Amino acid sequence: MKIRMNNTERIRKMIRKSILIIAKNFFKDCLVIIFLTIIIALICYYKYNKMIKGIELEPVNESLVLDRFNYKEVIKHWRDDEDKIKKIDKKQYKDIFQLKKEEEQK
């Protein structure tokens, strides 16, 4: 009379077999994955390189024009940013490590 195995035992045996198969072929699998990665990278590089060479860029003849109002706005923002940076440099922050040392001494 044959005794049927539980499903959990069958699953455990399948997992053990699959882990052994993976472990036996690990080095070969790593080489295959590295080789495939290199091939895919070379194909992408070749397609990108070919695509770039096929595109001809036309020079832009238009120049950037700022009217006085926009120019003044840009300068105003720059000055505001400089003022904020100067304020940050002048501000004195509390040393949190100094506070902890004072609490430990008490």
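All of the numbers you see were taken from the coordinates with simple rules; none came from a lab. A quick note: this is a predicted structure, and the numbers were derived from the prediction, not measured. For neighbour counting, all protein chains shown are included, and Cβ atoms are generated from backbone atoms with ideal geometry for every residue, glycine included.
Please go through (1) hydrophobic (A, V, I, L, M, F, W, C); (2) assigned to a helix (DSSP H, G or I); (3) surrounded by 10 or more Cβ atoms within 10 Å (Cβ to Cβ) for LEU66 and return the number of the only condition it doesn't satisfy.
LEU66 satisfies every listed condition except (2).
Please specify each residue of segment 29-85 satisfying the condition of being more than 30 Å from ILE19 (Cα to Cα) and of a type in the set (S, T, N, Q).
Residues of segment 29-85 that are more than 30 Å from ILE19 (Cα to Cα), as a first pass: 42-85.
Once the filter is applied, which keeps residues that are more than 30 Å from ILE19 (Cα to Cα) and of a type in the set (S, T, N, Q), segment 29-85 yields ASN49, ASN61, SER63, ASN70.
For ILE88, are the conditions met, namely being farther than 30 Å from ILE19 by Cβ, exposed (fewer than 10 other Cβ atoms within 10 Å of the Cβ) and under 30 Å from the mean Cα position of the chain (by Cα)?
Numbers: farther than 30 Å from ILE19 by Cβ: yes; exposed (fewer than 10 other Cβ atoms within 10 Å of the Cβ): yes; under 30 Å from the mean Cα position of the chain (by Cα): no.
Considered against the rule, which asks whether it is farther than 30 Å from ILE19 by Cβ, exposed (fewer than 10 other Cβ atoms within 10 Å of the Cβ) and under 30 Å from the mean Cα position of the chain (by Cα), ILE88 comes out as no.
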